[in-house]
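The structure appears right after this line, and notes come after that.
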Amino acid sequence: MTNLNQRTILKVENLKTYFEIDKRFISRQKKYVYAVDDVSLDVKEGETLGIVGESGCGKSTLLHSIMRTVPVTSGRIEFDGKDVLSLNKKELRQVRKDKQIIFQDPFSSLDPRMTIGEIIEEPLIVHGVTDVAERRRRVLETFEYVELLEDFYYRYPHEFSGGQRQRVSIARSLVLKPKLILCDEPVSALDVSIQSQILNLLNDLQKQLDLTYIFVSHALNVIRHVSDRVCVMYLGKVLETADVEELFERPKHPYTAALLSSIPIPDPTVNRVHASIKGELPSPSNPPSGCRFHTRCPYVKDKCINEEPVLEEKSSSHIVACHFSDEIL
Amino acid sequence: MKKLLEIKNLEVCFYLDSAIPAVDGVSFDVYEGETLCVVGESGCGKSVTSLSIMQLVATPPGRYLNGEILYRGKNLLGYSTDEMTKIRGKEISMIFQEPMTALNPVHRVGKQIGEALRIHEGYDKKEAFKESIEMLKIVGVPDPVRCANSFPYQLSGGMRQRVMIAMAISCNPNMLIADEPTTALDVTIQQQILDVIKNLKTKTGMTVMFITHDLGVVAEIADRVVVMYAGKVVEEACVKDLFANPLHPYTRALLKCIPRVDEKRDKLDDIKGIVPNPASFPSGCRFHPRCEEAIKICKTIVPEEVTLGDRRVSCHLVTQKAKECRL
């Protein structure tokens with residue numbers, strides 16, 4: 001699906017989002033959680049960029065930074081030719097029309113006191129569609145897209161199951177006809193049989209409406225299914241970016257390789273050796289020196305502890321941040 | 001192989017606003033030394049079944065309407081609270097999905113692990129604490145002394161789950177029930193926890209009943225699998241047969257609808273409709289509204305269970321085929 005001539009719709013450069021912790025009046029040193037630490041990425045029109053990583057790697061914060069729903073520390077976000085970080089409130093609202101977000105938990109992201117119709121209509125009111133009949137027409141049009149029945153209009157979220165609520169969230173994000181949709185783990189709260197329905201729906205919508213997705217998930221099987229390109233994050237950093245086939249077939253970073261081998265495959269006849277990673281994710285408020293993965297990396301050398309690797313292009317569109325990727329994998 | 005646990009026609013119903021038959025006529029056996037996986041989506045009754053074994057279903061609102069749970073031939077459902085206390089932790093122990101809510105936030109984990117030892121083995125406080133450090137070593141905690149002196153909130157999800165396992169195995173139980181122990185964890189940590197359970201099994205020969213919705217995990221650790229749907233067992237088979245030749249349409253659909261890491265497909269085969277609400281299960285075969293192969297009879301008549309060698313399945317299609325073969 002990816003095409004080299006495609007226009008870049010979103011460009012993120014050296015994005016840093018730090019959260020200050022220990023906010024005492026007088027403190028000797030400011031402490032931060034380095035949630036997103038120097039991330040750069042491009043998203044091309046019409047593609048799906050998958051972002052994968054363990055919990056606490058900063059993937060959700062990255063999405064929220066792109067939405068500008070959290071204050072960004074430094075960096076540059078260019079969406080559709082506009083510098084998002086320099087916009088004022090009014091201009092930002094205009095830009096937000098074109099990029100929408102779908103959240104993980106469809107139980108807490110829908111207002112229980114609003115009907116389904118009101119929930120989906122609200123973005124239209126916010127963005128100044130004053131004609132009531134027009135609003136209703138557009139809401140019902142989105143109903144069709146996400147395969148909801150018309151008589152759900154006056155019903156409340158609590159009457160629906162997780163999968164249907166997720167359809168409502170998708171409808172809410174679609175109603176403004178955005179170009180880019182940020183999906184923050186949209187299927188991880190759902191049952192497996194419902195998961196596939198939502199994934200297929202997102203896939204169909206992308207083709208129908210020419211959408212661009214950034215799809216965040218910790219489930220590698222889901223990422224493989226939906227993405228055109230994949231970006232692997234660890235402790236606020238991007239470790240590897242590549243086309244989906246390339247990444248899953250020929251991972252070049254030891255973390256990606258370990259992540260891939262730790263996923264159970266639903267086939268008892270496949271006998272795999274697990275290169276299971278020792279230890280746990282270090283705290284993002286006190287990240288390790290040098291390569292952030294060195295504390296858990298099976299191939300760690302002195303250089304990894306002292307020097308931080310930079311992202312290098314190994315082959316076309318395959319970028320890796322590892323000192324020894326050529327030797328190990 | 002010897003049967004360690006037999007569940008016979010178990011029916012558990014919750015009386016809330018309406019009667020909710022969470023478990024409706026479930027039967028299966030657990031053999032000594034095996035790993036049995038119970039698979040199903042939310043609301044299929046897999047957790048209630050496991051809680052029933054430990055007699056941990058809150059009554060009321062829950063009620064055991066029918067059935068027997070035989071542990072070494074004795075019916076656990078007839079046991080008094082005191083008798084059950086002797087079973088819990090000593091004979092059968094359990095680990096839960098969310099270790100943070102299962103651990104007591106105001107006690108150090110060493111004390112919590114030692115509690116079972118003090119109750120069942122008559123250890124005193126100091127001995128129990130020392131032993132709990134040993135237990136933490138067994139489950140692969142890197143700094144067991146510090147861990148034993150920590151409170152649950154100071155530990156990460158993976159560590160808490162290890163603490164839960166250490167607690168569960170402290171008295172060398174015959175059987176371990178693990179209710180979605182890895183669902184809340186990251187994949188790399190999930191792999192570590194699965195390894196811990198596998199190693200324990202080879203070391204102690206413990207029987208494991210593993211409840212999960214992740215078929216990948218099933219393929220990894222199970223010997224036999226029980227598939228549940230809407231409060232009933234729809235299929236039971238050994239793991240190789242189930243994955244190679246699933247007989248029930250639900251199992252088949254479930255296997256086809258998960259995206260896989262090792263291959264890319266254009267479109268997933270999804271299962272239509274939604275997981276049924278336990279308050280109003282469909283008539284006949286409970287899977288029929290979502291089943292692509294459903295025939296007329298599925299709507300009205302509950303399918304009977306067919307035993308085929310060492311596997312069981314409840315589906316009209318299979319019953320018919322079996323009849324044709326015999327004729």
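The values are calculated or read from the model by the stated rules, or taken from the named source; none is laboratory data. Predicted model only: the values in this text are computed from it and were never measured. Every residue, glycine among them, receives a Cβ derived from its backbone with ideal geometry; neighbour counts consider all protein chains shown. Calculation scope for accessible area: heavy atoms of the full protein, side chains included, ligands and nucleic acids excluded. Shrake-Rupley method; radii C 1.70, N 1.55, O 1.52, S 1.80 Å.
Brief remarks follow.
One line per residue, one yes/no per condition, for (1) at pLDDT below 90; (2) part of a strand (DSSP E or B); (3) open to solvent by 20 Å² or more (accessible area, probe 1.4 Å):
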{"position": "A:ASN14", "(1), (2), (3)": "no, yes, yes"}
{"position": "A:THR17", "(1), (2), (3)": "no, yes, no"}
{"position": "A:LYS23", "(1), (2), (3)": "yes, no, yes"}
{"position": "A:CYS57", "(1), (2), (3)": "yes, no, no"}
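- Selection within region A:199-212: residues that are under 16 Å from the mean Cα position of the chain (by Cα) and open to solvent by less than 10 Å² (accessible area, probe 1.4 Å). The member of this set that is farthest from the other protein chains (Cβ to nearest Cβ) is A:THR212.
- Counting only strands (runs of 3 or more DSSP E) that sit wholly inside region B:228-327, those with at least 2 residues that are surrounded by 19 or more Cβ atoms within 10 Å (Cβ to Cβ) and more than 9 Å from chain A (Cβ to nearest Cβ) are B:232-238, B:311-314.
- Among residues of region A:78-94, those that are surrounded by 12 or more Cβ atoms within 10 Å (Cβ to Cβ) and farther than 15 Å from A:ILE66 by Cβ, counted: 2
- Selection status of A:GLU147, of a type in the set (Asp, Glu), within 15 Å of A:GLN208 (Cβ to Cβ), open to solvent by 10 Å² or more (accessible area, probe 1.4 Å) and over 25 Å from the mean Cα position of the chain (by Cα): no
- The residues of region A:181-193 that are within 16 Å of B:HIS213 (Cβ to Cβ) and open to solvent by less than 10 Å² (accessible area, probe 1.4 Å), listed by number, are A:VAL187, A:SER193.
- Test: A:SER227 is open to solvent by 10 Å² or more (accessible area, probe 1.4 Å), in contact with a helix residue (DSSP H, G or I) (Cβ under 9 Å, 6 or more places away or on another chain), among the hydroxyl-bearing types (Ser, Thr, Tyr) and under 24 Å from A:PRO266 (Cβ atoms): no
- Qualifying residue in region A:107-117 (condition: buried (at least 21 other Cβ atoms within 10 Å of the Cβ) and among the charged types (D, E, K, R)): no
- Against the test of being in a helix (DSSP H, G or I) and open to solvent by 10 Å² or more (accessible area, probe 1.4 Å), the options B:VAL57, B:VAL48 yield a single qualifying residue, B:VAL48.
- Residue check for A:SER285: open to solvent by 20 Å² or more (accessible area, probe 1.4 Å) and either within 27 Å of A:SER60 (Cα to Cα) or at pLDDT below 85 (or both): yes
- Counted residues, region B:162-211 - those being within 14 Å of another protein chain (Cβ to nearest Cβ), farther than 24 Å from B:CYS44 by Cα and open to solvent by less than 10 Å² (accessible area, probe 1.4 Å): 5
- At least 2 residues being within 30 Å of B:LYS8 (Cβ to Cβ) and open to solvent by 60 Å² or more (accessible area, probe 1.4 Å) is the threshold, and among the helices (runs of 4 or more DSSP H) wholly inside region B:68-159 those reaching it are B:81-87.
- Qualifying positions in region B:1-45 - out of contact with any Gly (no Cβ under 8 Å at 6 or more places or on another chain), open to solvent by less than 40 Å² (accessible area, probe 1.4 Å) and not in a strand (DSSP E or B): B:GLU34, B:GLY40, B:GLU41
- B:ASP223 vs. criteria more than 13 Å from chain A (Cβ to nearest Cβ), open to solvent by 10 Å² or more (accessible area, probe 1.4 Å) and in contact with a helix residue (DSSP H, G or I) (Cβ under 7 Å, 6 or more places away or on another chain): no
- All of A:ILE277, A:ILE265 fail the test of being at pLDDT below 80 and either facing chain B (nearest Cβ under 8 Å) or surrounded by 21 or more Cβ atoms within 10 Å (Cβ to Cβ) (or both), apart from A:ILE277.
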